[in-house]
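Worksheet for the structure shown next.
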Amino acid sequence: MPVILIANPKGGVGKSTLASNIAGYLARQGKAVMLGDVDRQQSSRRWLSVRPPQLPPIQGWGMIDEHLVKPPKGVSHVVLDTPAGLHGKPLEDLVRIADKLLIPLQPSLFDIQATYDFITELHDLRKKRHGAGPQVAVVGMRAKEGTLSVEQLHQFLHTLEVPVLGLLRDTQNYVQLAARGASLWDVAPGRVERDLAQWQPLCAWLDS
């Protein structure tokens, strides 16, 4: 049962956007998907609460006393949305169960600094576990091509020792779909053609 962890200690970087759309992608493939929300804001759980019943089903994953409940039998894929400020023992516990870890970041100096420190912490965790750990990759969020901030982000991404799966553009598509409990894969492809094209490397990484 693959567990896909969406994590970055910086808040507001698009973790819930990634988590919900990854869950939507897997559900559209016919996978038995469970979307877990470790974030106290419960953004992913709220997204699930407004998801129309005619769309491919996605189960929620509850918590008891801040501990994840074991998923029921039959679940084939788990996607975990995580809170800001994720460090130390809570991060180590989640990394232990994850098969893939996806780090979203926005083109801002504060996000870049926080992400660099986070990746360093992940490298230290891998050393502590003698090289064991999930596959790690980075994806840029809310990118406006042609801006100085995106150019700075490109320069930063080239310095990383982890795969970069591309940049997702800044578009209202994500906002409008989230308000309806939907993902990019729940609407006509022609409506979100540019966005689906940007997701191809990310989907290939998920499927690998």
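A few points about this structure:
- Cα pair distances in the stretch 113-208, grouped into 10 Å bins until the bin that holds the longest one, percent each: 13, 36, 33, 15, 2
- Carbon and sulfur %, accessible surface of the chain computed with the full protein complex present, 1.4 Å: 54 percent
- When peptides 32-38, 133-139 are ranked by their average number of other Cβ atoms within 10 Å per residue, the highest-first order is 32-38, 133-139.
- Each of the peptides 45-52, 201-208 was scored by the mean count of other Cβ atoms within 10 Å over its residues; in descending order, highest first, they stand as 45-52, 201-208.
- Cross-link pairs beyond the 21 Å C-alpha cut-off, checked among Lys31/Lys100; Lys100/Lys144; Lys10/Lys89; Lys10/Lys127; Lys100/Lys128: Lys100/Lys144; Lys10/Lys127
- Reachable aspartates and glutamates, given that their alpha-carbon falls under 13 Å from the alpha-carbon of Lys15 and they are not under 8 places away in the same chain: Asp37, Asp39, Asp81, Asp111
- Each stretch of four or more DSSP H residues adds -39500 (n - 2.57); spread over every residue of the chain, this sum gives -12500 deg cm²/dmol at 222 nm.
- Candidate values [x] 57, 35, 31; [y] 53, 35, 32; [z] 44, 41, 30 were compared with Cα extents along the principal axes in Å computed on the shown model; the agreeing label is [z].
- Kirkwood hydrodynamic radius of the stretch 158-208, from the reciprocal of the average inverse Cα-Cα distance over all distinct pairs: 12.3 Å.
- With the simple model of a label 7 Å out from the Cα in the direction of the Cβ, Tyr116 to Ala84 spans 2.1 nm.
- Length available on full extension from Ser49 to Ala204: 0.36 nm per residue minus the Cα-Cα distance, which gives 53.0 nm.
- Where the chain is the region considered: accessible area per residue in Å², 1.4 Å probe: 49 Å²
- Between Leu160 and Lys144, the simple label model (points 7 Å from Cα in the Cβ direction) yields a spacing of 2.2 nm.
- In this simple spin-label approximation, Glu151 and Lys128 carry label points 7 Å from Cα along the Cα→Cβ vector, and these lie 4.0 nm apart.
- If the segment from Leu109 to Asp170 were pulled out straight at 0.36 nm per residue, it would be longer than the present Cα-Cα gap by 20.2 nm.
- Estimated FRET transfer efficiency (Lys73, Arg28; beta-carbon r; R0 25 Å; 0.05): 0.65
- Highest mean packing first, where packing is the average number of other Cβ atoms within 10 Å per residue, the peptides 23-29, 188-194, 115-121 line up as 23-29, 115-121, 188-194.
- DSSP beta bridges in the chain [antiparallel fraction, %, rounded to 5]: 5 percent
The values are calculated or read from the model by the stated rules, or taken from the named source; none is laboratory data. Only a predicted model underlies this, so the values are computations on that prediction, with no experimental measurement involved. Glycine also receives a Cβ, built like all others from the backbone with ideal geometry; neighbour counts cover every protein chain displayed. Just so you know, the surface numbers come from the protein's heavy atoms only, side chains and all, with ligands and any DNA or RNA stripped out. Shrake-Rupley method; radii C 1.70, N 1.55, O 1.52, S 1.80 Å.
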